[in-house]
Amino acid sequence: MNVERGKEELRRYEQINEKIKRGDAIVMTADKFVEYVEQSGLEKAAKEVDIVTTGTFGAMCSSGAFMNFGHSDPPIKMVKCWLNDVPAYKGLAAVDAYLGATAMSETKPFEYGGGHVIEDLVSGKEVELRAESYGTDCYPRRSLETTVVLEDLNQAYLYNPRNAYQRYNSATNSCDRILYTYMGTLLPRYGNITFSGSGQLSPLYKDLGLETIGFGTRMFLGGGVGYVVGEGTQHNPQSGFATISVKGDLKGMSPDYLKGAVFQNYGTTLYVGVGIPIPIINMRVASTAALRDEDIPVDVLDYSVPSRVRPVVKKTNYAELKSGRVVIGDKEVPSSPLSSIKIAVKVAETLKKWIENREFFLQRPIELLPNYREFKPLKIKKREVVVKDLMTPLHDLILASPEDDIKKVARMIVEKNIDHVPIINRDGVLIGIVTTWDLTKALAEDKHSLKEIMTKAVIVAKEEERVDEVAKRMAQHHISGLPVVDDVMRVKGLITSDDISRKLVGRRVV
């Protein structure tokens, strides 16, 4: 049956706004509506409740602010500019700029970024503004240094191209080292799980069919009033990952709901408070507004796999994640939120209070968000350099066994002018590695066989891996060479930092 999306069958926006004016609109936060439906049933709750308020407060990296600084005298066409040493985008008019939340300070990277500047401005703090130009006849000034506060700016609009996913995947890590990601710090060997979003408070999940949210929807944004200005980037509603693009005036916002933050060894971001009122216009909207944490699916992904399509370790839900423990196999893994559920509740309650105090009215969207959008990954159309393009092949290597004499192998290394010797067993499987440094130290200590000195926990590479991934692995482990192996750990070659630096410079792969 063809259903008209957004049909106002139970109540119309005008009727709800009239009730708000009279002070008799029935408003519930999303978590309280869930409880009410469980107690009284969906039909009764849908007929009685006019509006469900939602909330979330989490890292929203696709955030930033458009600003107009006004003209100095003499004026300047800003080609580059910095706010507290954080670079702002200047491919705009002379004194307009866009400051991204993830832009990092040039003097304090990984400690301070665009999100912190936005928080500082909203907090009323002075911010250092520095600008450079090449100078023109109409904009003769070539440089500028001053300080500004938020009220000095002509306009300062929070404009976020992608916020408030309907739901999120969660993250864990199966490898033997710590990972630093936009999902926080992930401990080795399934040491923890992190997750984002507010579950049953989530603004877009409470209107799963996107029947009330669209261009022009009035909302809570950063402690002030904002608007949905369209679908967000990476909008993928058919999979439960709808997003919104939002805009609001920074001058009406609060630092309680805009917080600069740092993810260790990853970068900076901005935590944003977002809340959307969901008018209960029909039973479909009521049914999704009633969804519980248990009803919202979440995949636990393994972030140790360097791929866009990471393997799913477990399928879970927000109820299990919020419990603080998730069972993976026979292991109980601690789970922790990257979003603040406490502040998400506060957002929903504040929005409820605004409506009940007749300070906030609903706005029917001019156009609903699309409920289907093709989601396309970026295609790499040029062949990338992989390990097999640069590695030293097997026939040019020295392979040794654990029982081999150290002096014999040392002579072979000198003859071949190499630094790494993979150690294999009788089946040709890699079981260790020695380097020239290992051999030098062994000779000085009068060691005799390779098994006395070889490194058994060998870091390896595969032939089809990208060279940049392998170079990163070498840097992480402070080593200069990796044996290249197949799926059963038979040696196929060796790649070193010298191979990468020497062979890759000026190389063109066809």
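The values are calculated or read from the model by the stated rules, or taken from the named source; none is laboratory data. Source: prediction; values computed, not measured. Glycine gets a Cβ as well: all are built from the backbone with ideal geometry, and neighbour counts include every protein chain shown.
One line per residue, one yes/no per condition, for (1) more than 18 Å from Thr54 (Cα to Cα); (2) acidic (Asp, Glu); (3) touching a Phe, Trp or Tyr at 6+ places or on another chain (Cβ under 9 Å):
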site	(1), (2), (3)
Val333	yes, no, yes
Pro337	no, no, yes
Lys346	no, no, yes
Thr350	no, no, yes
Arg364	no, no, yes
Pro370	yes, no, no
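Which residue, of Asp256, Asp249, is more than 15 Å from Phe57 (Cβ to Cβ) and either surrounded by fewer than 19 Cβ atoms within 10 Å (Cβ to Cβ) or free of Cβ contacts under 8 Å to residues at least 40 places away in the same chain (or both)?
Numbers: Asp256 fails: more than 15 Å from Phe57 (Cβ to Cβ).
Sole residue among the options that is more than 15 Å from Phe57 (Cβ to Cβ) and either surrounded by fewer than 19 Cβ atoms within 10 Å (Cβ to Cβ) or free of Cβ contacts under 8 Å to residues at least 40 places away in the same chain (or both): Asp249.
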* Asked: Any chance segment 281-300 includes a residue that's over 30 Å from Gly41 (Cβ atoms) and surrounded by 15 or more Cβ atoms within 10 Å (Cβ to Cβ)?
  -> yes
* **Those residues of segment 252-304 which are touching a Lys or Arg at 6+ places or on another chain (Cβ under 9 Å), part of a loop (DSSP other than H, G, I, E, B) and among the charged types (D, E, K, R), in sequence order** => Asp256
* **Hey, Asp446 part of a loop (DSSP other than H, G, I, E, B), at pLDDT 85 or above, more than 23 Å from His478 (Cα to Cα) and in the same structural domain as Gly481 (by TED's automatic domain parsing) or not** => no
* Looking only at helices (runs of 4 or more DSSP H) that fall completely inside segment 305-400, which ones have 1 or more residues that are under 30 Å from Gly23 (Cα atoms) and among the charged types (D, E, K, R)? -> 341-356
* Check Arg177 against each of (1) outside any loop (DSSP other than H, G, I, E, B); (2) more than 23 Å from Pro297 (Cα to Cα) and name the one condition it does not meet. => (1)
* **Single condition Lys407 does not satisfy, out of (1) buried (at least 16 other Cβ atoms within 10 Å of the Cβ); (2) farther than 18 Å from Val485 by Cα** => (1)
* **Filtered residues of segment 1-54 (kept if surrounded by 15 or more Cβ atoms within 10 Å (Cβ to Cβ) and on the phi > 0 side of the Ramachandran plot)** => Gly6
* Asked: Could you say whether any residue in segment 111-129 is farther than 24 Å from Gly100 by Cα and touching a residue at least 60 places away in the same chain (Cβ under 8 Å)?
  -> no
* Candidates Glu349, Glu359 - the one that is in the same structural domain as Asn173 (by TED's automatic domain parsing) and without any contact (Cβ under 8 Å) to a residue 60 or more places away in the chain -> Glu359
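Would you be able to say whether some residue in segment 63-76 is surrounded by fewer than 23 Cβ atoms within 10 Å (Cβ to Cβ), assigned to a loop (DSSP other than H, G, I, E, B) and without any contact (Cβ under 8 Å) to a residue 60 or more places away in the chain? First the steps, then the outcome.
Restricting attention to segment 63-76, the residues satisfying the condition of being surrounded by fewer than 23 Cβ atoms within 10 Å (Cβ to Cβ) are 66, 68, 70-75.
Subsequent filtering for residues that are assigned to a loop (DSSP other than H, G, I, E, B) retains 70-75.
Subset that is without any contact (Cβ under 8 Å) to a residue 60 or more places away in the chain: 71, 73.
Within segment 63-76, one or more residues are surrounded by fewer than 23 Cβ atoms within 10 Å (Cβ to Cβ), assigned to a loop (DSSP other than H, G, I, E, B) and without any contact (Cβ under 8 Å) to a residue 60 or more places away in the chain.
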* Structure fact -> Given (1) touching a residue at least 40 places away in the same chain (Cβ under 8 Å); (2) assigned to a helix (DSSP H, G or I), Lys44 misses just (1)
